[in-house]
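Quick notes on the structure that follows.
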Amino acid sequence: MKGWTGAGTAPGGDRRRRGPGADRGWRALGGARGRRWAVDVGIAAAAGTITAYRIAVVAVLPGDRTPDLWAYALGTAMAVALLARRRWPAAVLAVVGGLFLLYHVSRYPGGAPAAPVWVALYSVAVARRRRLGLLLAGLFVLLDAHGRTMVAGVEPLDATLDSSTVVFVATLLLGETVRGRRIRLALLTAERDDAARRQVVEERIRIARELHDVTAHTLAVVGVQAGVAAEVLDDDPAQARAALEAVRRASREALTELRAAVGVLRDGTRADGPEPPVPGLDRLPALAATTGAVLRQDGTPRPLSGAVEATAYRIVQEAVANAVRHADAGRIEVRLGYRPDGLDLTVCDDGRGPGGPPGNGLRGMAERAAGLGGWLRTGPADGGGFQVRGWLPG
């Protein structure tokens with residue numbers, strides 16, 4: 001037989017198929033398991049050492065049985081059982097508690113092998129699934145208290161019995177406290193991860209809107225100006241050159257914005273070079289000139305926040321692009337209304353309107369407005385055509 005054959009049988013074959021990332025994951029998982037196992041072995045060894053020492057130095061009262069090899073064997077078995085406390089905490093408590101009670105039934109000096117019981121009770125309290133373990137813990141504490149009262153011949157609330165019961169209950173409470181803290185940390189981590197995921201999704205949506213708006217506007221400008229250039233190329237070369245210059249300028253601006261957006265998608269940062277300015281209302285006259293729209297203003301113009309101006313510009317840009325590309329409009333009117341509490345936006349045309357359900361552009365406009373606490377409505381205009389109306393606080 002020359003070698004191993006078949007999928008998954010060749011030594012090292014899985015590693016080659018998984019790749020370095022998977023190997024690192026397996027190594028990290030193995031390292032975590034190794035650390036947990038080392039901690040469990042250390043805890044079991046410490047509990048066994050403490051138990052052996054307590055059995056060796058415990059005072060032997062009249063009527064008690066002197067600790068012998070069997071007593072040490074019981075204590076060692078209790079400590080060894082702790083190695084399985086993470087996987088089977090309830091079963092470990094049952095074994096450790098049973099051996100602890102057997103130790104006392106054998107009339108050995110009381111309390112000596114308590115250290116493994118403390119660890120088992122703590123493990124039950126911090127476990128994820130702990131209903132059975134807590135029932136066993138309660139039963140164990142009651143049986144221990146009852147056995148001590150029977151041996152000592154005292155009442156259940158006698159002061160001589162308080163220390164043992166209090167320590168057992170305190171161990172359970174310590175485990176409950178640690179478990180609660182772990183749950184809070186896990187919730188905080190989950191909330192942080194959810195917030196990070198939401199931020200990524202919101203950033204992707206924002207970039208998608210930017211890409212959609214930039215490309216739609218650029219195509220609208222290119223279409224309009226290219227048509228103008230084609231019509232006047234022979235009769236008015238100067239106007240044709242101006243139209244082609246508008247096409248070049250719009251393309252250059254679109255490339256700058258697209259390069260910035262792609263830089264964010266690629267590595268989370270802006271592309272090399274200066275960051276493109278945030279579009280504002282001061283760019284609307286140029287937009288109107290390149291698309292043939294008519295721009296009107298009501299009220300006294302005043303500076304608005306950058307977010308409001310950028311949102312208003314993108315909404316108008318998308319509405320005009322839709323009118324040029326899809327509505328076959330002969331006239332497009334953009335009206336800005338400056339109000340004390342915000343900005344009114346109206347874009348209407350005499351075209352045929354959208355030919356189907358709202359697309360990404362209309363949804364994007366509405367989401368932009370709602371994101372600032374405003375609103376946006378779209379639909380047929382009075383007298384025909386299509387209309388986009390909105391309000392932005394500011």
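The values are calculated or read from the model by the stated rules, or taken from the named source; none is laboratory data. Everything quoted here is computed from the prediction, not taken from an experiment. Cβ: placed from backbone, ideal geometry, glycine included. Neighbour counts: every protein chain shown. Heavy atoms of the whole protein, side chains included, go into the accessibility calculation; ligands, DNA and RNA do not. Shrake-Rupley method; radii C 1.70, N 1.55, O 1.52, S 1.80 Å.
Brief remarks follow.
- Some residue of the range 121-130 being touching a residue at least 60 places away in the same chain (Cβ under 8 Å) and touching a Leu at 6+ places or on another chain (Cβ under 9 Å): no
- Subset of the range 69-97 (residues that are in a helix (DSSP H, G or I) and open to solvent by 40 Å² or more (accessible area, probe 1.4 Å)): Leu69, Trp70, Tyr72, Ala73, Thr76, Ala77, Val80, Leu83, Ala91, Ala94, Val95
- Taken over the range 53-68, the criterion of being touching a residue at least 24 places away in the same chain (Cβ under 8 Å), outside any helix (DSSP H, G or I) and surrounded by 11 or more Cβ atoms within 10 Å (Cβ to Cβ) is satisfied by Val58, Val60, Asp64, Arg65, Pro67.
- In the set Leu142, Leu157, Leu102, only one residue is modelled with pLDDT of 85 or more and either of a type in the set (A, V, I, L, M) or over 24 Å from Ala59 (Cβ atoms) (or both); that residue is Leu102.
- Checked against (1) closer than 22 Å to Pro285 by Cα; (2) assigned to a loop (DSSP other than H, G, I, E, B), Arg352 passes all but a single condition, namely (1).
- The residue that is nearest to Arg184 (Cα to Cα), counting only those in the range 111-144 that are open to solvent by 50 Å² or more (accessible area, probe 1.4 Å) and of a type in the set (Phe, Trp, Tyr), is Tyr122.
- Residue within the range 305-328 that is modelled with pLDDT of 85 or more, over 23 Å from Leu372 (Cβ atoms) and not β-branched (Val, Ile, Thr) present: no
- Contacts under 7 angstrom Cβ, first residue in the range 325-341 being more than 30 Å from Pro303 (Cα to Cα), partner among the acidic types (Asp, Glu) and open to solvent by 80 Å² or more (accessible area, probe 1.4 Å), 6 or more apart: Ala329/Asp350; Gly330/Asp350
- All of (1) within 40 Å of the chain's Cα centre (by Cα); (2) modelled with pLDDT of 80 or more hold for Ala286 with one exception: (1).
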